[in-house]
Amino acid sequence: MGVDLSLEGPARWTLRTRLLLLFAAVLVLVAATLVVQIVQLRHQQDVRDELLRNIDPAVQAATDVRAATAEQESAIRGYAFTGDAGFLDEYVDGDRAAAAGLNELDELLGPTEAFDADLERVRSLLERWQTTSAQPVIDASSAAERDDLTSEEFQEASLENINALWAALDEIDAHLATEREAQVDELDDAARSATLAMVLQVAGVVVSGLIVLAGLSRVVTGPIARLGDDARKVAEGDLEHPVRGIGSPDLVRLGGDVDAMRSRIVAEVNMLNAASADLERQTEELARSNRDLEQFAYVASHDLQEPLRKVSSFCQLLQKRYSDQLDERANEYIDYAVDGAKRMQDLINDLLAFSRVGRTTEAFEPVDLGAVIDDATDALTPAIEEADATVTVGDLPVVLGDRRLLGATFQNLISNALKFRGEEPPKVDIAATLCAGADGDEWVISVTDNGIGIDPDYDEQIFVIFKRLHSKAEYSGTGIGLALAKKIAEFHGGRIWLEPTPPPGATFKLALPAPPSTEKRVHTDAG
Amino acid sequence: MLAEAVRPIEVLLVEDDEGDVLMTREALAEGKVLNHLHVVGDGVDALAFLRRSGAYADATRPDLVLLDLNLPKRDGRQVLQDIKGDDDLRRIPVVVLTTSEAEEDVLRSYDLHANAYVTKPVDFERFVDVIRQIDEFFISVVRLPGR
């Protein structure tokens, strides 16, 4: 289930790319609304600045100019009627204040072209009043001259001039008021648009949130849930259910990988099933062959021994009934024939015992090795007494096993120690230690004697069935004992070996798995 | 039993091997066992003899059965089962004689309540001993029903 690499364009975008794009889109949207909002705020700021810094002071300045000119006009009129030079000082003050007011207006409204004409008009009207109405009064050198200037006519012209100036100032006021109105409106507009922008931004964030959710669902959660469904079906046992990734190529690849894993597991399971079927067949064959062997063992035990018994018994009968008619040589022949038949029977019985190890055991049970060895020494009592042997038995554990087989093993080992004795009366020492083995703890039971010992060269051969190191004339026996002991040890999951020791004597060690509950404790070899 | 000791014991030998029949006869003679030996060759005949049916209508009820395990037709185990399952016959002591030391046989025979189980030894002298022991055990020590 490979990834379809023929996909073009967006279809080839990985999950990461898709998420990044989604994120970028939202970011752009938010940034755009932010920019709009900042521009709006800046504009609002400008308008407010204009109002605070220009228009309001301008209104004040215009008022100042009006007050100054009013002061000038009243000063000139006072001078014209009284000739008091004090009025001229007031006039000069008023002139300075008017000039300062006009300069301020010029400064505040200068940049605004709409006011250029207004300001120019105020200046020229002020100048006209000063030159035509004020200057002649100041210039008049006598009271008579000044009286002419108090004439109704002149005063009217003068008032007209000053009224024209004030009308011009009124105009500026009106313009400023209009301007102010316009800017307040603009401020209101800006506030409205800012609110709108805010609403739009919130709406934008909500919409982009929804888009992100939808996108995530389409790009991530959907495909993953689908993949999860597939994987769950497989996990629930439908191993043939294919797993397919959808959406971005990496999810498709993940699906492909999971499916490859599934296919692999299916293949392994099939292989295991096949192997298990094979094993079952083999087990069945083995069981059949075991049954055959059992049958063979029975046949061997009965049918092979029957003729032997016949040979030996009738030879003996012949000897018994007709010995007076036979010479010594004939009797010797008969002895050999009987001996051969007996040995043959021993061999057959040993072979049977060997082949039966494990096949007559139904289940392992706890076996107290101390009791087992007591039984073995009891059975060997005549031989022990005859050899004047000492058997020392240490503290022995309980193991899981077949009591009869373990008994046979120890009986074999002890009787070997008695049989292969040296010059001294035999001493047999049996002790156990708990050792940590590769597959858990094991009891190692050692059987040490002071006999003739065993050449280490033969430490393996001695365990081969019917293998003997000595002639039958030297030591009796069929050579089954150690082979049987080895088979019994292995049947119990243990092993037996000849421990290399300096002469004299030999040490056999039998290792048996310790039962799981065995406590770690130190065993003393107290006899 | 001393007063009646002179009466020969009736022994039924169930054995198909003529050599073994001869051997048993010799051993009984060698062991100086006073006996009447009846021989049948297979399990079917053994049961017929014991139940006095057919050709064995006049058969004597044996004091002891020496039963070989491996017989033609009905084998020794089945014969033993039949004898021990029969209210009339179950009190007759049965000694199973066989060449087999196989433990299964021992167990099976004991399960079927054989009175003794004897492996025929290779040694003729030992066989005589065994026969003598059987005789002593069953005839002298155990008080047999009907005697």
Margin query: Just to compare against my own numbers: the Cα pair-distance distribution for the protein assembly as shown, 20 Å bins, whole % per bin, please.
Written below: 12, 21, 16, 10, 9, 7, 8, 8, 7, 3, 0
Item checked: Fraction of the pair-distance distribution of the range A:210-350 above 19 Å, Cα-Cα pairs, percent -> 73 percent
Next item on the list: Once you have a ≥ b ≥ c as the square roots of the Cα gyration tensor eigenvalues for the range A:9-226, tell me rounded if a/c is under 1.5, and otherwise prolate or oblate according to whether a/b is larger than b/c.
Entry: prolate
Notebook entry, point to check: Tell me, what is the FRET efficiency for A:ASN270 and A:VAL206 to the nearest 0.05, using R0 = 51 angstrom and their Cβ-Cβ distance as r?
Noted result: 0.40
Item checked: Theoretical gain in end-to-end length, A:ASP116 to A:LEU400 [0.36 nm per residue, Cα-Cα removed] -> 90.1 nm
Next item on the list: Any chance you could run the full-extension gain for A:ASP188 through A:GLN37? It's 0.36 nm times the residue separation minus the Cα-Cα distance, nm to one decimal.
Entry: 52.9 nm
Item checked: Shielding of A:307-313 by partner chains, average beta-carbon count, 10 Å -> 6
Check: Expressed in nm to one decimal, what extension gain is obtained for the pair A:ALA11 and A:LEU27 from 0.36 nm per residue of sequence separation less their Cα-Cα distance?
Finding: 3.5 nm
Next item on the list: Determine, from the Cβ-Cβ distance of A:PHE466 and A:GLU280 and an R0 of 51 Å, the FRET efficiency 1/(1 + (r/R0)^6), rounded to the nearest 0.05.
Entry: 0.90
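Take every DSSP beta bridge with both residues inside the range A:367-479 and express the antiparallel ones as a percent of the total, to the nearest 5.
That works out to approximately 75 percent antiparallel.
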Next item on the list: Have a look at the range A:341-356 and report residues whose accessible surface goes down by 20 Å² or more when the remaining protein chains are included, against the chain on its own, probe 1.4 Å, ligands and DNA/RNA excluded.
Entry: A:LYS342, A:GLN345, A:ASN349, A:ARG356
Check: Between the DSSP loop rule and a limit of at most 11 other Cβ atoms within 10 Å, which GluC sites (Glu not before Pro) in the range A:183-292 are left?
Finding: A:GLU236, A:GLU240
Notebook entry, point to check: If R0 is 41 Å, what FRET efficiency do you get for A:PHE296 and A:CYS435 from their C-beta distance, rounded to 0.05?
Noted result: 0.55
Check: Using a probe radius of 1.4 Å on protein heavy atoms only, what is the accessible area buried between chains A and B, both sides summed, to the nearest 100 Å²?
Finding: 2100 Å²
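What is the local net charge at A:ALA68, summed over the other residues whose Cβ is closer than 9 Å to its Cβ (Lys, Arg +1; Asp, Glu -1)?
Charge balance near A:ALA68 sits at -2.
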Check: When each pair of different Cα atoms in the range A:362-513 is counted once in the 1/r mean, what is the Kirkwood radius in angstroms, to one decimal?
Finding: 15.6 Å
Notebook entry, point to check: With every protein chain present, what is the per residue accessible area of the range B:9-140 (1.4 Å probe, Å²)?
Noted result: 43 Å²
Checklist line | trypsin sites (Lys or Arg not before Pro), loop per DSSP, at most 13 other Cβ atoms within 10 Å - longest free stretch of chain A | finding: A:1-358
Checklist line | Inter-label distance for A:ALA260 and A:ARG288, nm, one decimal - labels placed 7 Å from Cα along Cα-to-Cβ | finding: 4.4 nm
Margin query: Please list 3J(HN,Hα) in residue order for the range A:307-314, calculated via the Karplus relation 6.51 cos²θ - 1.76 cosθ + 1.60 where θ = phi - 60°; whole Hz, with x for glycine and proline.
Written below: x, 4, 4, 4, 4, 5, 5, 6
Notebook entry, point to check: Solvent-accessible area per residue for the range A:251-356 at a 1.4 Å probe radius, Å²?
Noted result: 65 Å²
Notebook entry, point to check: How large is ³J(HN,Hα), in whole Hz, for each residue of the range A:413-428 in order, when computed from phi with the Karplus curve 6.51 cos²θ - 1.76 cosθ + 1.60 and θ = phi - 60°, using x for Gly and Pro?
Noted result: 5, 5, 5, 4, 4, 6, 5, 9, 7, x, 6, 6, x, x, 10, 10
Note to self: Suppose we keep just the DSSP beta bridges with both residues in chain A; what percent of those would be antiparallel, to 5?
What the structure shows: 85 percent
Item checked: Candidates per GluC sites (Glu not before Pro) in the range A:70-161, loop by DSSP, up to 11 other Cβ within 10 Å -> A:GLU113
Note to self: Between the range A:491-514 and the range A:228-261, how far is it from one alpha carbon centroid to the other, in angstrom?
What the structure shows: 57 Å
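The values are calculated or read from the model by the stated rules, or taken from the named source; none is laboratory data. Please read all numbers here as calculations on a predicted model, not as lab measurements. For neighbour counting, all protein chains shown are included, and Cβ atoms are generated from backbone atoms with ideal geometry for every residue, glycine included. Heavy atoms of the whole protein, side chains included, go into the accessibility calculation; ligands, DNA and RNA do not. Shrake-Rupley method; radii C 1.70, N 1.55, O 1.52, S 1.80 Å.
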